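To keep things clear, I will list the structure first and then write my remarks on it.
We did not get these values from a lab; they are worked out from the coordinates using the rules stated. If you're wondering where the values come from, they're calculated on a predicted model, not measured in any experiment. Heads up, the Cβs are rebuilt from the backbone with ideal geometry, glycines too, and the neighbour counts pull from every protein chain shown.
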Ligand SMILES: [Zn+2]
Ligand SMILES: [Zn+2]
Ligand SMILES: [Zn+2]
Ligand SMILES: [Zn+2]
């Protein structure tokens, strides 16, 4: 808690106008936020209870609250809707062990390449190994 609000917050509905802290319930037990679709129109907090139709999906994320679309939100695989950009690639050599080859022990190695991708739109990251 902010030192500014040591003696109590200055609530304006769901948000403290001094420190920016938000609350879910008013003292009378009612919901504090003013939900406008998937977010609160007062404090911009995301409505975690929003239904999928409350969000404004644009491909892989919601343009209103920035939520990444879950796979089933749009009834199809959101994975393909991300705009993947390769950000890094690294290779490491791993040792598979020694095998008896051509009259002597030979070390078997395998190169694993890790490619990192980030979605240009929502920032989600993923990795592939091969
Ligand atoms: Zn406060
Ligand atoms: Zn709010
Ligand atoms: Zn949303
Ligand atoms: Zn995305």
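Here are some notes:
- Per-selection metrics, the chain (Cα): Rg and Dmax in Å: 24.9, 84
- Full-stretch length increase - residue 106, residue 83 - with 0.36 nm per residue and alpha-carbon distance subtracted: 3.9 nm
- Going from the residue with the fewest nearby Cβ atoms within 10 Å to the one with the most, 121, 30 rank 30, 121.
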